[in-house]
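Report on the following structure.
The values are calculated or read from the model by the stated rules, or taken from the named source; none is laboratory data. These numbers were taken from a predicted model, which means no experiment stands behind them. Positions of Cβ are generated from backbone atoms using ideal geometry, with glycine treated the same way; all protein chains shown enter the neighbour counts.
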Amino acid sequence: MQAMDSIVGNDDLKKQINRIFMKAIKTYKPGVNYKHNTGILFHGVPGVGKSMIIGAILKDYVYPYELFIHKELNKSTLTSSKINKTAKVVDDLRKQIKNDIHHIYILEIDEADDILKRRTHNRHYAGELTSSMLKLIEGIDSPDNKIVLAATNYIGDIDYAIKTRFNMVIEILPPSKEELKLMIKKLIVDEYDICDYSESMLEIWAKHAKGFTGRDISKISIELDDLLWELRNVNSVTKLGFEHINMSIAKRISYNSRIRKLAKEHTIEGERE
Ligand SMILES: Nc1ncnc2c1ncn2[C@@H]1O[C@H](COP(=O)(O)OP(=O)(O)O)[C@@H](O)[C@H]1O
Ligand SMILES: [Mg+2]
């Protein structure tokens, strides 16, 4: 199975991604400038699958092809041991990309607000890093041999100039009710061979799970693994299985509201979470 297939929903996006990468794979010619998508920035609340989408792109389109070189960019891969040498690390990478026209560089920047932060007057370090990242992404004097894949929970924190360099800025939304049904079916019902479930039960579970993200459903699935493993080989798991699912969803609802309450109490930092 393709990694992209394990992502529920986002069908148009998946098609677009396929087009972008298949075009690069089929038409890229070293040294010949051609029009292509140079960057996608995913944003949205935590747990909606942004990192999962980037991971699936890497697995399905990047790793299998020699054309691509994958670089993960974050504070630890960019910060050299010598203080203030970060700009040089970024600049060296820019030169490497510029000089290597035989490959397309896939620059992965997850939690992008960390290194593409808005420049302000009093954040000297972030400003320096952001400026050199802008230069890297912009590629004024280099051939178009890179694609940036970035994700953030805090789109408002990303530097404005950098945001405008992406061809696509895409909000990943929490799942709709239909998508929740699909997720529950895939990650719980099918995963644990819960037979005898009915369409109306899926409907009720999805209704209770209103506002959940994919991460919530995947957490419930992991929790159920502990509860259901001993029932695996028993034919009549269903009834107990249903109760476990109901309970896990209810627990998750109260967990989420506790987290929300805590976040409210903890000023701005908390609210962002
Ligand atoms: N659309 C989805 N389809 C299937 N699973 C999902 C989806 N969205 C989230 N998940 C599950 O939630 C987990 C966390 O998602 P993640 O990509 O880390 O979220 P984000 O990066 O947006 O915070 C994933 O590893 C996956 O198990
Ligand atoms: Mg993430």
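Conditions tested, residue by residue: (1) outside any loop (DSSP other than H, G, I, E, B); (2) assigned by TED's automatic domain parsing to the domain that holds Met52; (3) at pLDDT below 90.
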| position | (1), (2), (3) |
| --- | --- |
| Ile162 | yes, yes, no |
| Leu202 | yes, no, no |
| Lys210 | no, no, no |
| Leu224 | yes, no, yes |
| Asn233 | no, no, yes |
| Phe242 | yes, no, yes |
- Odd one out for Val89, checked against (1) outside any loop (DSSP other than H, G, I, E, B); (2) touching a helix residue (DSSP H, G or I) at 6+ places or on another chain (Cβ under 8 Å); (3) within 14 Å of ligand 1 (Cβ to nearest atom): (3)
- Query: Quick one: in the range 164-185, which of the residues that are in a loop (DSSP other than H, G, I, E, B) and of a type in the set (A, V, I, L, M) is surrounded by the fewest Cβ atoms within 10 Å (Cβ to Cβ)?
  - Reply: Leu173
- Task: Could you tell me which residue of the range 25-52 is surrounded by the most Cβ atoms within 10 Å (Cβ to Cβ), considering only residues that are among the small types (Gly, Ala, Ser) and away from ligand 2 (no atom under 16 Å from the Cβ)?
- Result: Gly39
- For the range 195-220, which residues satisfy the criterion of being surrounded by fewer than 20 Cβ atoms within 10 Å (Cβ to Cβ) and of a type in the set (A, V, I, L, M, F, W, C)? Cys195, Met201, Leu202, Ile204
- Considering each residue of the range 53-89, count those that are over 16 Å from Ile106 (Cα atoms) and either of a type in the set (Val, Ile, Thr) or crowded, with 19+ Cβ neighbours inside 10 Å (or both), and give that number. 4
- Query: Which of the residues belonging to the range 198-228 are more than 20 Å from Ser257 (Cβ to Cβ) and within 16 Å of ligand 2 (Cβ to nearest atom)?
  - Reply: none
- Query: Among the residues of the range 13-58, how many are part of a helix (DSSP H, G or I) and within 13 Å of ligand 1 (Cβ to nearest atom)?
  - Reply: 11
